[in-house]
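Worksheet: one structure, shown below.
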Amino acid sequence: MTTAVSRPPLVRGSDRVIAGVCSGLARHLGWPLRLVRIGMVVAALAGGAGVAFYAWLWIMVPTADESAKRDSRRPASPIAPAVSAPFAASTAGTYGPGPYAGSPSESPTPCAAAAAGTAAPEAAAAPAGSVPAGAWRNRVTGMRYGKEILLGAGLLLAAGILIARLLGVDVPLGTLIPVAAILGGAAIAWMQLDETRRAGLVDKTKADQAGGWARLAAGLALVVAGVLVMVSGSGSWEQTWLALLSSVAVLGGVALVLLPWGLKFWRDLETERAGRVRATERAEIAAHLHDSVLQTLALIQRRAGNESDVVRLARAQERELRGWLYRDPGKESGQLSEGIKAAAAEVEDTLGHAVEVVTVGDCPMSERHEALVQAAREAMLNAARHGGGAVSVYLEVTDGWAEVFVKDRGPGFDPDAVPADRLGVRESVIGRMNRHGGTATISSSPDGTEVRLRLPLSAAPAGAGNSNGEVRL
Amino acid sequence: MSSTEAGSPAPGIRVVIVDDHAIFRSGLKADLDPDIIVAGEAGTVEGAVAVIAAVRPDVVLLDVHLPGGLGGGGREVLAGSAPLLGSTRFLALSVSDAAEDVVSVIRAGARGYVTKTISGAQISDAVRRVAGGDAVFSPRLAGFVLDAFGTAPADIADDELDRLSARELEVMRLIARGYSYKEVAKELFISIKTVETHVSAVLRKLQLSSRHELTRWAAERRLL
């Protein structure tokens, strides 16, 4: 349809008066929206051509939501084979989001992918769901576009008749009003169809549904009334009633035949969609586990002899998996707690020593907090290197302070006995904290050593007199 | 599932291990000190409720995530064993340190919460403590408590269940910093018994406090 390379895809916009056709068209063509709207109105006045054109675009052009949904669905089956193809996992995720380009180019892709899924025996994750998915989609796309083209042609025909009537003899109002009623009713009903399609993404509430049904009924009533008036204009009432009765009977019969078929079709669609969602989720999890856990397990098997390596690998993997399982994607990054945890992870990785972090409260990271994290990292390194047992790190952020405690269970040391040329404690921990207006306290006993770092949140020169006698160094 | 009654009423502490991983159960059994007798094991919610009712152990080591039942895991076992809560004590054991899991299982009646990575000696210690009627707080659980109740000490006007006293806050802070009960007692110049009293008081508040923030906090804060 509209596959201009450099243009944004033609989709109906959310900024809409009736169905968003004009705004979508304006964005696609790069014309001002107002111009497009005025042009459309002018075209509509010129014998209804604009109306027909608008209706045609309305039917043929998807909304932005629908287009996005269609694109996002496409990786569904391609990911599944990625489970069996080791390193395709990362590329499979980016597969797909091309511009909306009509049906012919779209349908073969999932089919081929589905076929690949069945070909690879390991891809047991999804083949059951993806094979019918491809076939089904193929059938539906063919059908749907046939129907829409038919509708478009019908509308064009109607517009043509309208033009002929306007150009020819002046048409009596008695014919125009029912026609307008029919068109209006149809438009209302179609808008409703549009709504339900969009609402299908989100679970709609009962109230919405009721309103939707009311609109559908109103549109239907308008159309029926229009048809009735038109028909009754040409014949007697008795004939009209007869015609109405027979058409209702025919419609009822058709509905009776089609209803179970439609229901079944709908149910199939629902199960198929649910199955595909499950398959996608499963493929995503499988891809992640493959990249992380399975790789680590393989490494552990190869290094089984080296205990510290195994512990280190296991800890690192545990951390990664925890992060993936429990991390709240809505939570903003760049928090102080994140910084402390990252420092602890780094120490764990380099020294293979467990570092347990507990945080209470949080605040965004600033430049001074960076110093706090660096000092804490140095303290953790010392604790892991010299202390025995697990290292405990506790971060507490209150309104006025950020405090970090780093505790180990080593044999302890005498801070006074640290040689002056050892920069670790003196410079990296105490000096750094003092320079940024904080304090560092070290207390050591045979049960272990604890380093306490305290930093006021505001940059007040609290540390000018530094160490307020507490620093025993 | 299998309940191997360990015979005569021994002086040791009788425990039931509830965990769906057989490897973990056998590993834990081997790790526990000899004075702790494993009187039964279970791997599902239904199995656990049945074994606990039959064995009536002193302590149940309860995994938070369990198959079976209505999907409630450890919480469901606690609910199913509610009549026994007076005599049998529950120590929750999990690889998860999500706040929601920890707080919900404590509020369902568990007397403590430890992560599965701690050593056998530490677990044995925790079992003895729980059997003695005390609460077992890991640093992480103490962190959760501080986060949920806030770090400001209680006003006199406040409902006492909704706030921690200044002393309880001190104890919680030290536990969060990695102090053992003994170290806490030494640091605050109080007896270990007093530390245990404070911790039990905090546990009671955690279980009984009706303040809505607590539940909301746990639900919002999905990770540590």
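Each reported figure results from applying straightforward, stated rules to the coordinates on display, with no laboratory input. Model, not experiment: these values are computed from the prediction. Note: ideal-geometry Cβ built from the backbone for every residue, glycine included; neighbour counts use all protein chains shown.
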Which ³J(HN,Hα) values, rounded to whole Hz and listed in residue order, are derived for the stretch A:284-297 from phi using the Karplus coefficients 6.51, -1.76 and 1.60 in 6.51 cos²θ - 1.76 cosθ + 1.60 with θ = phi - 60°, glycine and proline given as x?
-> 5, 4, 4, 4, 5, 4, 4, 5, 9, 5, 5, 4, 5, 4
Taking 0.36 nm per residue of separation between A:R267 and A:E320 and subtracting their Cα-Cα distance, the length gained on full extension comes to 15.1 nm
What net charge is computed for the residues neighbouring A:L395, neighbours being all others with C-beta under 13 Å from the C-beta of A:L395, Lys and Arg scored +1, Asp and Glu -1?
-> +2
State, to one decimal in nm, how far the label point of A:W31 lies from the label point of A:V293, with both points 7 Å from Cα in the Cβ direction.
-> 5.7
On average, how much area does the Cα convex hull of the stretch B:1-133 cover when viewed from any direction, in nm²?
-> 7.0
Charge tally in the Cβ shell below 15 Å around B:R25, where Lys, Arg are +1 and Asp, Glu are -1, B:R25 excluded | -3
Point-to-point label distance, A:A255-B:D31, nm (Cα→Cβ direction, 7 Å offset) | 6.7
Of B:K29/B:K186; A:K407/B:K116; B:K116/B:K182; A:K341/B:K116; B:K29/B:K205, pairs whose Cα-Cα distance is over 28 Å = B:K29/B:K186; B:K29/B:K205
Neighbourhood charge, 12 Å Cβ-Cβ cut-off, centred on A:A316 and excluding it, Lys, Arg +1 and Asp, Glu -1 = -2
Can you tell me the relative contact order of the stretch A:334-456? Whole percent, Cα pairs under 8 Å, sequence separation 6 or more.
-> 25
In terms of modelled amide H atoms, which long-range or inter-chain residues lie less than 5 Å from the amide H of B:R89?
-> B:V59, B:V60
Taking amide H positions as placed 1.01 Å from N in the peptide plane, with prolines and chain starts having none, which residues 5 or more places from B:G69, or on another chain, fall under 5 Å of its amide H?
-> B:V45, B:E46
Collect residues whose amide H, placed 1.01 Å from N in the peptide plane, falls under 5 Å from the amide H of A:L457; neighbours closer than 5 in sequence don't count.
-> A:W401, A:A402
Calculate the dipole size of the stretch A:334-456 relative to its Cα centre from +1 charges on Lys and Arg beta carbons and -1 charges on Asp and Glu beta carbons; express the result in debye to the nearest 20.
-> 220
